[in-house]
1. Of all residues being hydrophobic (A, V, I, L, M, F, W, C) and surrounded by 13 or more Cβ atoms within 10 Å (Cβ to Cβ) in the stretch 23-42, which is modelled with the lowest pLDDT? Just the residue, please.
2. Is there any pair with a first residue in the stretch 43-65 that is among the hydrophobic types (A, V, I, L, M, F, W, C) and a second that is surrounded by 13 or more Cβ atoms within 10 Å (Cβ to Cβ) and not in a helix (DSSP H, G or I) whose Cβ atoms are under 6 Å apart and which are 6 or more apart or on different chains, and what are they?
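The values are calculated or read from the model by the stated rules, or taken from the named source; none is laboratory data. None of the values given here were measured: they were computed from a predicted structure. Methodologically, a virtual Cβ is constructed for each residue, glycine included, from the backbone with ideal geometry; neighbour enumeration extends over all protein chains shown.
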Amino acid sequence: MGKDHQDLLDLKTEIINGFHPIEQLFKIMSKQSEGIHDDMTRSCAEVGLELCNSFRIKLDALLTTQEQDQEDDHR
């Protein structure tokens, strides 16, 4: 594993760790809404969790593209 690859993995880890509290908030909101009839909390939690999932997918795609570009530059 090259230094550039490790740098991208470290960057991804840092970003996800920074984003983790937000994701946890949405998970807590979702769990809390199960026991009550609060459609607003449940809806916000669902939207938030979907945005978190989308963020992870986009982050993976971005870093994969960046990694491929770096590999191409080294050839």
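1. This residue is MET29.
2. From the stretch 43-65, no pairs qualify.
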